[in-house]
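Enquirer: The structure is given below, and queries will be raised subsequently.
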Amino acid sequence: TLATPIAVYIDNFDNINPTGQIQNPVPGQTVDGTVLINIVASDNVGVKDVELSINGSPRDTLVERPFTYNWDTTQETEDEDHVISIVVSDTSGNIGYVLPVVINDSMVKEFVLYSQNKLLINIREEEE
């Protein structure tokens, strides 16, 4: 005897958006010099790329893990908040929008005094 037939529905279409997170710098952090922006991104099928913007201006499209970018903050306006944002795309064309990170680029003065290779004074202050 034959088994009772069943109906199945096949759906091979990927409709799940990729996700991501900016791990460094953290929100509210004050930075200076060259800052390593570190991003994690994932998807159920595969991440195609991560588009990185700072203050709304595209900076780079990252296509290989680890998703990192060296940001030279000396080229930015000092003592202002800056917004780092990313958009993650997967290999199926889905897009994931990630919450931006707001940080402060501050001028930092550092005075270090050594005597006979010993640290005597290390003063680090941020300009206001």
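Enquirer: DSSP loop (so not H, G, I, E, B), at most 13 other Cβ within 10 Å: list which chymotrypsin sites (Phe, Trp or Tyr not before Pro) in the range 1-82 pass both filters.
Expert: Tyr9, Phe13
Enquirer: Sticking with this structure for a sec: Compute the signed sum of charges (Lys and Arg +1, Asp and Glu -1) over the other residues within less than 15 Å, Cβ to Cβ, of Gly46.
Expert: On the way: positive: Lys48, Arg65; negative: Asp14, Asp43, Asp49, Glu64, Asp90.
Here the charged neighbours net out to -3.
Enquirer: Under the Karplus relation 6.51 cos²θ - 1.76 cosθ + 1.60, θ = phi - 60°, what is the ordered set of whole-Hz ³J(HN,Hα) values for the range 27-38, x standing for Gly and Pro?
Expert: With the stated coefficients, the range 27-38 comes to x, x, 5, 9, 10, 7, x, 8, 10, 7, 8, 10 Hz.
Enquirer: Does anything in the range 3-26 have its amide N under 19 Å from the 7 Å Cα→Cβ label point of Glu51, and if so which residues?
Expert: Label zone hits: 16-22.
Enquirer: So, one more: Going by accessible area, probe 1.4 Å, with all protein chains left in place, what is the ranking of Val101, Val63, largest first?
Expert: My answer, sorted largest first, is Val63, Val101.
Enquirer: With a sphere of radius 10 Å drawn around the Cβ of Thr61, what net charge do the other residues whose Cβ falls strictly inside it have (Lys, Arg +1; Asp, Glu -1)?
Expert: Net of charged neighbours comes to -1.
Enquirer: Across the range 85-96, in residue order, what do the Karplus-derived ³J(HN,Hα) couplings come to in whole Hz, using 6.51 cos²θ - 1.76 cosθ + 1.60 with θ = phi - 60° and x for Gly and Pro?
Expert: Each residue of the range 85-96 in turn: 9, 9, 10, 9, 10, 9, 6, 9, x, 7, 10, x Hz.
Enquirer: Between the range 75-90 and the range 1-32, what's the alpha-carbon centroid distance in Å?
Expert: Cα centroid to Cα centroid, the span is 26 Å.
The values are calculated or read from the model by the stated rules, or taken from the named source; none is laboratory data. Values in this document were obtained by computation on a predicted structure and should not be read as measured data. Heads up, the Cβs are rebuilt from the backbone with ideal geometry, glycines too, and the neighbour counts pull from every protein chain shown. For the accessible areas, the whole protein counts, side chains as well, though only heavy atoms, and no ligand, DNA or RNA atoms are used. Shrake-Rupley method; radii C 1.70, N 1.55, O 1.52, S 1.80 Å.
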